[in-house]
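What follows is calculated from the coordinates using simple rules that are stated; it is not laboratory data. This structure is a prediction, so every number in the text was calculated from the model and none was measured. Cβ coordinates were reconstructed from backbone atoms using ideal geometry, including for glycine residues, and neighbour counts include every protein chain displayed.
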Amino acid sequence: MKRIVIPTDLSLYSVHLIRYALNLLQGQTCHITLLQLTPLPDSITDLLTLPRPDRAPLERNPEFGKAIARLQRHYALEIEAIQVAHLYYDGAQQLKQYLQELSIDLVLAPVPLTRPAKGAAHLHRLLTNAPCPVLYIPEYGEASKFRRIAVVLDVEAKTPELPEQALMELLSRNEARLTFLLVFKPGRHTDQLQRTLGLLYSAPQLAGITYSVHLVQQRDVTEGVLAFLGEFDIDLVVASEKKRVLGSLRAGSGSAFRQAAITAKVPCLAVA
């Protein structure tokens, strides 16, 4: 059974995100926690008057509760339970500890692309050091099957990391088309590229898995990924570094990046 956490504001959209997790995990049984996150105030007065967590959120939000019930009926075999929980925190460490104590396998995080969202940016900072994979979902996307998957490898990294065997087996199921995307800087010596290719071709976790390799010359990883997404139809991007690879892709560091990300609307799975 897989344990999943989805930060929620008790909106119907957070319930919709559950479908992405089910599509990624492909038939595995899931226990899902919709987690309300509330930062602790700095003021002692505000801390003393902090309201208690709502113990009956589904009763106070009937449409939210109905949406959960419909989803549970539709995915009766895949969903073991859906619960709503609350966490007060004063930093990323408390969220990390919460995820570790509950042995969470996956976190889903929405990515607003059409307007600035201070709350979403704060959530992404909290999840940068999450102890489990984080699936970033662009808003207004359709929860389709992940059939065309690109795994990003940073050739410039000292030790390019491949996903673990369990994840590779998961990604390669159901006739998914798997592509390893290698991004390297123009004009650089080919030693690093050859080293990464050697690591890829000799990886034991890829034995028996069919995949292709695509090379992209760009000055950084984000530009390479966006260039690739502009040319090929991809359902999911998998990256090994939350901070470096996904920083611009998920939030947009400039107008060109932001527009490319909005157009692509491709979910990103950060695995380390």
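Okay, here's what the table says:
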{"read-out": "Projected label distance in nm at L215 and E139, using a 7 Å step from Cα toward the beta-carbon", "value": "4.0 nm"}
{"read-out": "Alpha-carbon centroids, the range 192-211 and the range 135-169: separation in whole Å", "value": "16 Å"}
{"read-out": "Net lengthening on full extension, R125/D9 (0.36 nm per residue, minus Cα-Cα)", "value": "40.0 nm"}
{"read-out": "Over the range 133-209, relative contact order from alpha-carbon pairs under 8 Å, at least 6 apart, %", "value": "37 percent"}
{"read-out": "Packing-based exposure ordering (other Cβ within 10 Å, fewest first) of M168, M1", "value": "M1, M168"}
{"read-out": "Inter-probe distance in nm under a simple model that places probes 7 Å from Cα toward Cβ, at S103 and R19", "value": "3.1 nm"}
{"read-out": "Distance between modelled label sites at R173 and Q194, nm, 7 Å Cα→Cβ extension", "value": "3.9 nm"}
